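For reference, the structure discussed in these notes is given below.
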Amino acid sequence: MTQPIIALENLTKTFRVALKPEGRSLPWARTWKTVTAVDAISLAIGRGEVVGYLGPNGAGKSTTIKMMTGILTPTAGTLRVAGRVPWRERRQHVAGIGVVFGQRNTLWWDLPVQESLDLLRHVYRVPPARFAENLTRFRALLDLDEFRFKPARDLSLGQLMRANLAAALMHDPGLLFLDEPTIGLDVVAKDRIRAFIREINRERGVTVLLTTHDLSDIEQLCERVIVIDHGRTRYDGALSELVERYGGDRALQVDFADDYAEVAVEGATLESREGRRAVFRFGRGVTAAALIGRLSERYTLADLTVREPDIEDTLRRMY
Amino acid sequence: MIFIRLASATLRAQARYRASLLVDALSALAGNGLEFVALALTFDRFGSLAGWSMGQVAFLWGLTEIAFGSMDMLFGGFDPAVFGQHIRRGTLDMYLLRPVNLIAQIFASDIMLRRLGRIAQGALVFAYANHVLALAWTPAKLLYLPVVLVSAVLFYGALFIAGATASFWTVQGLEVVNVFTYGGTALNSYPLPIFDRWLRRFFTFVIPTAVVVYYPALYFFDLPDPLGLPGWVSFLAPAVGLGALGMSLLVFKWGLRHYTSTGA
Ligand SMILES: Nc1ncnc2c1ncn2[C@@H]1O[C@H](COP(=O)(O)OP(=O)(O)OP(=O)(O)O)[C@@H](O)[C@H]1O
Ligand SMILES: [Mg+2]
């Protein structure tokens, strides 16, 4: 990787949280506890990558993104994004990035979407010609015309997300941070957003860091994933390798042609049995072909399915 | 300038609520006006308040209301209750993601036109005070009046900003802050001598709201301070207003470094 666009070294963020926040006591009269949301994370992301940032609820994904976008000041460690320290040079930094939080909205709530976009043109000082080009492109890619003149408050969740994506990219940022951009959206809306992200990455070389709990997002968009848990990196590498390394056992589902009192085969363990159907689990040391051979010597088989562990299984094992 | 654009966007967004805006403004005019009428009625029975005539108290009241109303309109984004919402709803995060000075964005985020009702009420009471007092306005006094008004706006604004800063840490503590902001300004509407000694000292020396309205009023009335402070205290208002604003902005910037966003 030549000169990473995002570089974290032992990045750490702790929060002080009140133990009994419902009490009406003043800050100094409460008991506090320190929560380490991000715990010495190091990583580097290169220009043009689309990286999935995964982890269970409370893993520290949003907190990391808030530091990378300059919203939060790190407690310890170093962080450089496009050569800058985000929180120290907030304004220069944010001028070069695009950010979408799936649960938030950047647009002016009571103004038509188009007016918000026009305001952002001034906020980011986008040259008018460039703005017009981008607007035309995004109108096509995100079908903005469907709601461009409606105020943000009247948009559906999917439309709001499309509008926010357009808003985040009007100023040609080189980097796009997406924190759960598909949350709460239906399948069609999700597809549209994924297609857009793919297109923006391909067409403009925008680097994308994306968090999500929908693994189809990851499968369709990311070659590389970073998995964190309790604020620590658990995995950083190719998506394909994640499943191979941590995916665990494969499953062989067998439908027998007959009722057998007992079914067993060496090299695999019986996981479940229901009527004539049985599911065996087997590790990487055994091939599916060998198992099927052994089974068919002993029993009459009606049907077979081999299931590879998917990312979901893999992550479930990791969390 | 980007500030003007953001501010006019805020005003345009408010246009949708034009009807409720008018109702709010009128009810503030009536509500605060009634408070003053209640005060006036007590004068009817007692004749004076700590030796102050009805007209003099109306002068204080009007000045305070104009200043506080204007401040509330212009510094609306820093109103601790509003600012607390910005934090909880994550709007502050959105502001931090824009390459525009944060304080300018907060100013532009809320311009409460409905406060015009309160300002109008203050102006009416002030006009009435001038009518009954028949003050001898010298050019110096006429020049100093707007200076006092602006100083009071800045000073009250500083209280709002300090209160907003507190909401970086606490939601519940807001009531404490309100004691200083609303309490301090309510106090300005009455002659200082009617208050308890420790309260007077607190609001003269610690949070000097008395210096921005009460003492300048003494100058306009050509009265010595019954509490014994020298005459030049009446001219400290601009220094106190600017100083307080500067300090509150510093504290705000320091608080921002401790901002922790919300956990969603
Ligand atoms: N502003 C805050 N104040 C206190 N604690 C916080 C704050 N923000 C996050 N936390 C805590 O830090 C930890 C990490 O939170 P974070 O929001 O980064 O997780 P996440 O990986 O984004 O989770 P999710 O998938 O649920 O969005 C959690 O324990 C959370 O409660
Ligand atoms: Mg999150």
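Every read-out reported here was derived from the displayed coordinates using simple, explicitly stated rules and does not represent laboratory data. Note that this is a predicted model, so its numbers are computed, not measured. Methodologically, a virtual Cβ is constructed for each residue, glycine included, from the backbone with ideal geometry; neighbour enumeration extends over all protein chains shown.
Rounded to 0.05, the FRET efficiency of the B:V37 and A:A18 pair, given R0 = 35 Å and the Cβ-Cβ distance, is 0.20.
Across chain A, the mean sequence separation of Cα contacts (distance under 8 Å, 6 or more residues apart), normalised by length, yields a relative contact order of 18 percent.
Divide by every residue of chain B the summed helix terms, -39500 (n - 2.57) for each DSSP H run of at least 4, and state the resulting mean residue ellipticity at 222 nm, rounded to the nearest 500 deg cm²/dmol.
Computed ellipticity for chain B at 222 nm equals -23000 deg cm²/dmol.
In order along segment B:76-87, the Karplus-derived 3J(HN,Hα) couplings, from 6.51 cos²θ - 1.76 cosθ + 1.60 at θ = phi - 60°, round to x, x, 9, 3, x, 5, 5, 5, x, 5, 4, 5 Hz, and Gly and Pro are given as x.
Less than 5 angstrom separates the built amide H of A:D236 from those of A:V227, all sequence-distant by 5 or more or on a different chain. A Förster radius of 22 Å, combined with the Cβ-Cβ distance separating B:V23 from B:N130, puts the computed FRET efficiency at roughly 0.15. Between the helical axis of A:113-123 and the longest alpha-carbon principal axis of chain A there is an angle of about 60 degrees. Please work out how many pairs of lysine residues in chain A are eight or more positions apart (or on different chains) and have Cα atoms closer than 19 angstrom. Eligible lysine pairs with Cα atoms under 19 Å apart amount to 4. Computed from the Cβ-Cβ distance with R0 of 35 Å, the FRET efficiency linking A:H230 to A:I183 stands at 0.95.
Relative to the dominant Cα principal axis of chain B, helix B:174-188 is inclined by about 30°. Relative to the longest principal axis of the Cα atoms of chain A, the long axis of helix A:157-169 makes an angle of roughly 60 degrees. By the beta-carbon count within 10 Å of each Cβ, the least crowded to most crowded order of A:R273, A:R284, B:R115, fewest first, is A:R284, A:R273, B:R115. Please say if segment B:92-154 is rounded, prolate or oblate, where rounded means a/c under 1.5 for a ≥ b ≥ c the square roots of the C-alpha gyration tensor eigenvalues, and otherwise the choice is prolate for a/b larger than b/c and oblate otherwise? Judged from the Cα gyration tensor, segment B:92-154 comes out oblate (a/c at least 1.5, b/c at or above a/b).
With a 10 Å cut-off around each Cβ of A:89-102, the average count of Cβ atoms from other chains is 3. Measuring nothing but how far apart in sequence close Cα pairs (under 8 Å, 6+ apart) lie, relative to its length, chain B scores a relative contact order of 26 percent.
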